[in-house]
Amino acid sequence: MSPLTITCRDASTGPVLEIAGDLEYATAPQLRRVLDDLTLTAGQLLVLDLTAMDFCDSSGITTLLAARNLVTERNAALALAGVPPNTRRVLGVVGLDRVFTIHQDVSQATAPHSATG
């Protein structure tokens, strides 16, 4: 099991959370706390950079959905970037690849022409 680390940085579009390690039952509350404390204003884009995420279980997926709910409440948008193949497959199987905006990497997600949803 890899410990979860979350690094927050700012991009021109809004905050970027770099998530590394395992996003699972024991660590998902850590991401929820970061999300709850996040300053996010209407019109901003929150990017979750999952490039370094090693594992994601159903609790992690639930936390990603909680992030989507949070940005919706704040009239902002959410994009996932660098989604690992195994997580991307799970998102596809359960239909969440149609719920989340998914980009190859953070630079693509934060590009001025990026579609968000």
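Just so you know, all these numbers are worked out from the coordinates, no wet-lab data involved. Because the structure is predicted, anything quoted here is derived from the model rather than measured. Note that we place each Cβ from the backbone using ideal geometry, even for glycine, and neighbour counts take in every protein chain shown.
Miscellaneous remarks
- Within the stretch 5-109, percent of DSSP bridges classed antiparallel, to nearest 5: 35
- Cα-projected label distance for D97 with R74, points at 7 Å along beta-carbon direction, nm: 2.9
- Look at the alpha carbon pairs under 8 Å that are at least 6 residues apart: their mean separation over the length of the chain gives a relative contact order of 25 percent.
- Sequence-distant residues sharing a close amide H with G14 (under 5 Å, placed H): L45
- Each principal axis of the Cα cloud of the stretch 15-75 was evaluated for its coordinate range; sorted largest first, these ranges are 31, 18, 15 Å.
- Hull volume in cubic angstrom per residue (convex hull over the Cα atoms of the stretch 60-117): 77
- Cα coordinate range in the chain, projected on the principal axes (Å, largest first): 35, 28, 23
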